[in-house]
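Below is one structure, written out as structure tokens; the observations come after it.
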Amino acid sequence: MKKLAFLLSTILAGTTAFAQSEYDLNQPFGFCTQSSRTTNTPYNITGGGCYSYPVPAELEANTVVLTSTGADMKGTIQNAIKNNKVVILDGSKGDFIVSSNVGVTSSNKTIIGINNARICTQWHMTQEIKNALDAAGVPSMSTSGDGGTLPNGQYVSEEAEYNTRKIIMQLTGDNNEGYRNSGVLSLSGCQNIIIRNITFIGPGSVDVGGSDLISSTNGAKNIWVDHCAFQDGMDGNFDITQKADFHTVSWCTFSYSSNSYMHQNTNLIGSSDSEATGYLNTTFAFNWWGTGCKARMPMARVGKIHMLNNYYSTTTGGNCINPRKNSEFLIEGNYIDTGVKSFYSQSGATAVTWKNDNYIASGSTPDSKGATVTVPYAYTVVAAANVKDAVKTYAGATLKFEGGDTPVDPPSGTAGSIVWAFDTGADGQAANVQASITEGIQATSVTLGSDLAYDGKQTALGETKIQDRTTNFPSTAASDANAITFKVDMADGYQFLATDVSVTATRLGTDAGKIDISWTDAGGTTALCREETPSRDNGSPNVTTYPFDLQGKAVATETSCSLIINMYGVTTGYKKDSGGNPTTEINYKDYGFKDIVISGYLINTTTGIATPVTLAPVTSTEYYNLAGQRIYGNVQGLVIERQRTADGRVTTKKVIKR
């Protein structure tokens with residue numbers, strides 16, 4: 001029976017080939033494949049009948065492919081899940097926007113993302129809201145008492161939540177507080193669900209008792225969430241509560257950006273000490289808790305939790321792995337990186353087994369508690385030393401399915417590169433623009449955020465040093481203040497379509513610090529990497545080069561495009577006053593950068609004046625908003641117009657439609 005189940009799962013997985021870790025089984029495993037927490041009682045989790053792409057021919061009649069309309073798609077996605085076995089979210093036409101949680105109450109469903117599919121909440125935190133919360137002193141308020149009654153009559157027991165909700169109501173005029181439903185998926189009472197290869201973007205965490213990006217409740221069971229990225233959940237990123245059971249969360253990333261404000265508590269298992277026992281059994285394998293995560297990685301009650309080969313790099317976290325009342329934890333083969341603080345705390349757990357094969361960069365293996373914890377399924381533990389690189393490379397919505405990537409229109413322009421050699425140590429070094437594309441490039445520039453400063457040339461490596469001169473505590477996440485922006489401005493009548501970029505960097509005299517790299521053009525911002533730590537020079541030419549392929553990510557742009565490098569967590573050592581506040585920086589640190597390269601195609605969007613040109617007829621016209629999302633129906637305002645002609649030529653330009 002076990003052999004047959006394995007054979008069936010292999011057939012269901014299909015023959016799709018894509019880049020993945022050698023440790024990735026590419027099939028359900030762990031607790032999602034079980035019906036018992038103690039004995040090996042397999043459950044054949046199939047979702048809607050497949051968990052890869054393209055779907056088998058026999059499932060096509062029960063499959064729907066959705067693309068973004070640029071409007072609220074909550075109802076569309078919810079109906080698609082209800083009425084089909086397999087739902088494919090195709091991100092080629094922009095992000096899917098949802099006004100509130102999409103309810104999933106039907107069983108036997110698969111939801112797969114292709115072409116960088118992202119589901120984003122419609123409401124999001126703004127700087128105005130954060131400024132108002134700061135002005136009211138919300139971060140220093142109590143989270144356990146001193147609440148009050150809101151203008152809508154609701155009583156809130158916690159001071160911080162009460163004031164946060166009151167301020168947002170005042171700023172938005174929304175006394176119904178609909179914004180609190182800013183989540184993406186709510187799984188309730190369903191079984192046999194597979195969710196893969198989707199990025200979930202929330203509004204930013206804030207203490208309002210709001211929604212999670214994904215919540216699994218009310219007895220939902222046998223759920224496999226694989227290769228997904230979770231960012232900025234309002235309450236949590238992915239919470240499992242209320243008798244939900246038999247979940248596997250694998251190859252996923254969890255993080256928070258500067259959009260988040262408070263309550264960066266990412267994964268809650270069991271919502272209270274009164275949770276019914278016997279449920280919430282969950283496997284976390286090959287996941288990454290990174291930028292901005294502060295707590296609950298996970299925090300769990302009641303369930304048996306298997307923490308297998310996960311990676312922790314968050315420098316803002318506390319009590320990362322947090323067993324609580326009636327829980328059992330088996331913790332093995334995990335990699336806890338330098339700078340991760342307070343990685344473990346337990347309170348009331350029944351049993352915790354810490355294996356000696358975990359790698360802990362700063363600290364020692366905590367004591368185990370109670371009887372040895374075991375799980376009923378077979379598995380292999382990967383050596384912790386191999387976990388960091390594997391997870392950083394392959395976790396998240398990284399699957400590129402065969403046939404899933406929308407072909408990129410062949411560029412009709414001239415190839416060329418823009419290079420900042422960054423080898424003199426001078427401020428604001430000019431870029432070298434290849435002669436073939438100079439006519440279309442109006443200007444290039446490099447600017448540093450307010451926390452960064454040039455610090456001359458590193459002679460041994462021939463690169464420019466940039467120093468973190470943060471005036472408060474060292475920054476621990478990407479922000480405008482620690483951004484290095486390499487910008488390209490286009491001349492009138494030209495577009496630039498980037499095909500790839502490359503960054504060379506090194507650490508100078510520090511073991512601390514990380515960089516994020518992103519690309520911004522008319523299609524929005526694309527994260528290329530985050531929390532990378534370049535090689536240290538150690539007195540010899542030892543640098544790290546980061547190359548990125550932008551095919552399918554970059555959009556032809558006629559205004560400006562930018563490569564952005566965020567450099568943070570570098571500065572160490574502060575003098576402090578008697579109150580523990582920083583006064584004087586005593587240890588500035590540098591990173592070195594050189595050979596910043598942006599390559600692509602220059603596209604002439606004019607017909608010329610002296611030379612007659614015969615244009616092929618236009619065969620299709622599409623419109624997109626400035627975020628790169630397709631617009632259907634009535635089109636008004638400033639939009640991006642994309643036309644395809646009979647000869648295959650594609651032109652893109654901004655127009656005003658009335």
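Here is the figure for segment 544-558: residues that are of a type outside the set (Gly, Ala, Ser), surrounded by 19 or more Cβ atoms within 10 Å (Cβ to Cβ), more than 18 Å from the chain's Cα centre (by Cα) and not in a strand (DSSP E or B) total 2. When you scan segment 145-168, do you find a residue that is out of contact with any Phe, Trp or Tyr (no Cβ under 9 Å at 6 or more places or on another chain), β-branched (Val, Ile, Thr) and open to solvent by 30 Å² or more (accessible area, probe 1.4 Å), even just one? No, every residue in segment 145-168 fails to be out of contact with any Phe, Trp or Tyr (no Cβ under 9 Å at 6 or more places or on another chain), β-branched (Val, Ile, Thr) and open to solvent by 30 Å² or more (accessible area, probe 1.4 Å). Looking only at segment 310-336, residues that are at pLDDT 95 or above, open to solvent by 10 Å² or more (accessible area, probe 1.4 Å) and not charged (D, E, K, R) come to 3 in all. Determine whether Asn358 is polar (S, T, N, Q) and in contact with a helix residue (DSSP H, G or I) (Cβ under 7 Å, 6 or more places away or on another chain). Against the criterion (polar (S, T, N, Q) and in contact with a helix residue (DSSP H, G or I) (Cβ under 7 Å, 6 or more places away or on another chain)), Asn358 qualifies.
With the checklist (1) charged (D, E, K, R); (2) out of contact with any strand residue (DSSP E or B) (no Cβ under 7 Å at 6 or more places or on another chain); (3) open to solvent by less than 20 Å² (accessible area, probe 1.4 Å) in hand, flag the one item Asp521 doesn't pass. Result: Asp521 passes all but (2). In segment 178-194, the residues that are free of Cβ contacts under 8 Å to residues at least 60 places away in the same chain form Cβ pairs under 9 Å with partners that are open to solvent by 10 Å² or more (accessible area, probe 1.4 Å) and among the acidic types (Asp, Glu), at six or more places apart or across chains, as follows: Arg180/Asp235. A single entry from Ser257, Ser216 fulfils the requirement of being small (Gly, Ala, Ser) and either in a loop (DSSP other than H, G, I, E, B) or in contact with a Lys or Arg (Cβ under 6 Å, 6 or more places away or on another chain) (or both): Ser257.
Of the residues making up segment 114-124, none is farther than 21 Å from Thr217 by Cα, open to solvent by less than 40 Å² (accessible area, probe 1.4 Å) and in contact with a Pro (Cβ under 8 Å, 6 or more places away or on another chain). Of the residues making up segment 77-87, those that are within 14 Å of Leu185 (Cβ to Cβ) and in contact with a strand residue (DSSP E or B) (Cβ under 8 Å, 6 or more places away or on another chain) number 5. Checked across segment 499-517, the condition of being more than 30 Å from Tyr394 (Cβ to Cβ) and either under 26 Å from the mean Cα position of the chain (by Cα) or modelled with pLDDT under 90 (or both) holds for at least one residue.
Of the residues making up segment 439-460, those that are surrounded by fewer than 17 Cβ atoms within 10 Å (Cβ to Cβ) and in contact (Cβ under 8 Å) with a residue 60 or more places away in the chain are Glu439, Ala460. Taking strands (runs of 3 or more DSSP E) as the structural unit, those lying wholly within segment 563-605 and holding at least 1 residues that are modelled with pLDDT of 90 or more correspond to 589-604. Scan segment 499-541 residue by residue and report those that are touching a residue at least 12 places away in the same chain (Cβ under 8 Å) and small (Gly, Ala, Ser). Hits for segment 499-541 are Ser502, Ala505, Gly509, Ala512, Gly513, Ser518, Ala522, Gly523, Gly524, Ser535, Gly539, Ser540. Checking each residue in segment 36-52 for being in contact with a Lys or Arg (Cβ under 9 Å, 6 or more places away or on another chain) and part of a loop (DSSP other than H, G, I, E, B) picks out Arg37, Thr38, Asn40, Tyr43, Gly47, Gly48, Gly49, Cys50, Tyr51, Ser52.
Within segment 51-77, the residues that satisfy the criterion of being surrounded by fewer than 18 Cβ atoms within 10 Å (Cβ to Cβ), among the polar types (S, T, N, Q) and within 25 Å of the chain's Cα centre (by Cα) are Thr69, Thr76.
The residues of segment 189-230 that are hydroxyl-bearing (Ser, Thr, Tyr) and either open to solvent by less than 10 Å² (accessible area, probe 1.4 Å) or under 16 Å from Gln264 (Cβ atoms) (or both), listed by number, are Ser205, Ser211, Ser216. Can you tell me which of Val391, Val375 is touching a helix residue (DSSP H, G or I) at 6+ places or on another chain (Cβ under 8 Å) and surrounded by 16 or more Cβ atoms within 10 Å (Cβ to Cβ)? The match here is Val375.
The values are calculated or read from the model by the stated rules, or taken from the named source; none is laboratory data. Given the structure is predicted, the values throughout are model-derived calculations rather than measurements. Ideal geometry is used to build each Cβ from the backbone, glycine not excepted, and the neighbour counts take in all protein chains shown. Accessible surface is based on the protein model in full, side chains and every heavy atom, while ligands, DNA and RNA are left aside. Shrake-Rupley method; radii C 1.70, N 1.55, O 1.52, S 1.80 Å.
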